[in-house]
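Data first, discussion second: the structure below is written as structure tokens.
The values are calculated or read from the model by the stated rules, or taken from the named source; none is laboratory data. As the structure is a prediction and not an experimental result, all values here were calculated from the model. Backbone-built Cβ (ideal geometry, glycine too); neighbour counts: all protein chains shown.
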Amino acid sequence: MLRIAAVTLLALCFVAACDRKPTALTATPQGTLTATITETVTTTKTIPCMTVTKDETKSPPNYICTPEGSPPPPCTENCGGTDPLPTITCPTGSMVITGKWGENTIYTSEGPNAPFNQQWLAIEVKPPVGWVQNSPVRASWVEYIDGAPTRAAMFATQPCTFDQQYALRKNNGTGQVQFIQSGLGFSFDYMTAVSTSAVTLTPGQTYWINAKNIYWADQTPSCSGSCNMRGSLPD
């Protein structure tokens, strides 16, 4: 009877990882096992772990090493620079005009909390889904009935703010900030296409024209009583 002895092959590698695989086995009549072995040697090095993650689904738990120098995993929450800016709520007493898209004559004297005096004026600009405008259209606002004080105005993504983090820009966000520090009236151009002469609006999203009767230099009121305006939101 032919006996095949179990052979244990030990390999000790310090600077290399050894992979020895028998490719052919031959049994001699004397019962001696001979083997032809190929050896693959690949250079390895020790790299410290950047993080070690414990996988509790394994029994016993498996520890996963992420080597230093590995790219960071994709961000899924609380990602710096990618979260939207905080939502702004207008203070009590503000004049917030909504639902006027496409109208050519809008009066602040008929708005909520009229007349337009020292409070915020926030005009909703909400192009509907499907709106297409490849040429700039202009929302213009001027004095009406009353005198024209010095005003500040900004086209923004949130109401009742002059924080320029929220300001819209021409040329699809890379051009001029749509902010007027001092003027009697104000106007802003918009469209769906990208242009250096207008703000690009996305149909279905809400934007705001914010205004206040103030002297910008010292933020003091420029109106006392009634300083109404008339404007439009053409489509």
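If only one of 156, 167 is surrounded by 13 or more Cβ atoms within 10 Å (Cβ to Cβ), within 24 Å of the chain's Cα centre (by Cα), more than 16 Å from residue 234 (Cβ to Cβ) and without any contact (Cβ under 8 Å) to a residue 24 or more places away in the chain, which one is it? Among 156, 167, only 167 is surrounded by 13 or more Cβ atoms within 10 Å (Cβ to Cβ), within 24 Å of the chain's Cα centre (by Cα), more than 16 Å from residue 234 (Cβ to Cβ) and without any contact (Cβ under 8 Å) to a residue 24 or more places away in the chain.
Every test in (1) within 25 Å of residue 228 (Cα to Cα); (2) at pLDDT below 95 is passed by residue 174 save one, and that test is (1). When you scan segment 125-138, do you find a residue that is crowded, with 20+ Cβ neighbours inside 10 Å and among the hydrophobic types (A, V, I, L, M, F, W, C), even just one? Yes, that holds for at least one residue. Among residues of segment 192-235 being closer than 25 Å to residue 148 by Cβ, among the charged types (D, E, K, R) and surrounded by fewer than 21 Cβ atoms within 10 Å (Cβ to Cβ), the one that is modelled with the lowest pLDDT is 218.
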